[in-house]
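> Just dropping this structure here.
The values are calculated or read from the model by the stated rules, or taken from the named source; none is laboratory data. Model, not experiment: these values are computed from the prediction. Methodologically, a virtual Cβ is constructed for each residue, glycine included, from the backbone with ideal geometry; neighbour enumeration extends over all protein chains shown.
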Amino acid sequence: MENASKALLMAGGMILSILLITLLVYAWSLFSKYQSSNDELADIEDVAKFNQQFTNYDRDDVEGYELISLINKVVDYNHRKSSTGTNDIKNKPITIEILLKGNGKVFTKDKDDNLLLFKSDSYTQSGSNNILTGIIKEAQTIEDKYGGVTFASKLAKNYDSIFLSPTQVQQEIENSNNTLDDRAVWERAKNKYNSIVLKNKVSSANELRPNGSRSIEVLKYYEYMQFKRGVFKCTDLDYDKESGKVSKIKFEFDGEIH
């Protein structure tokens, strides 16, 4: 009888232990699922937060100066967190494509629609080397040469009134009933030039003529200003299939200048 009682106690203990273990396993399973759900929710929130800083550009009125900021942001991200050549699916590089000539419209001042500063009709930013570094550096060099942003901007904005086109010259001659020779026209252009920027920047009127050294610089800076004020349309926004993060953004110049 005593042995039977002990056996029952032992069996009960074993059953209790099994139940306790089963309960612990079940509880751990629930905790794991809960933790996994929290991790998934956190990942979703992180992806949404990450994408928001780029989806803000998914519109039809993105200006060029905003694209400069976006490219800087992408370059920084690609440099710090992207993992080209590895299996890390969460942090892949972002690509930006910019088409400067949309529907045949360009923002350049050149009468032949040649891009002097940007040179190409399209740019792709896919790594950590900023595609606009050289362009911005050249624009800043022109700024410094002409006494800073204020003077350089005035010069670019007043290009037409400084470097008179043949049509404008002829119209002025007709309006004034006077005969203006070529030399007089360019001397006046030089005076106008010097009244806007720092003096003694032009040693010869020939520097102001089309394709002259000063004329090309002003055209380049004008182009830079037009780019920053130009309106771009986001034509495509792609997401990476594995991570759900923004992977590519495309923009096209829509012909407007603000």
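> Select, from 153, 120, the only residue that is at pLDDT 85 or above and over 19 Å from residue 215 (Cβ atoms).
Numbers: 153 fails: over 19 Å from residue 215 (Cβ atoms).
None of the others qualify; the one that does is 120.
> Please specify each residue of the range 132-154 satisfying the condition of being crowded, with 18+ Cβ neighbours inside 10 Å and not in a helix (DSSP H, G or I).
Hits for the range 132-154 are 132, 146.
> A further question follows. Could you please find all residues in the range 51-68 being in a loop (DSSP other than H, G, I, E, B) and of a type in the set (Ser, Thr, Tyr)?
The initial filter retains those residues of the range 51-68 that are in a loop (DSSP other than H, G, I, E, B), namely 56-61.
Passing the criteria: only 57.
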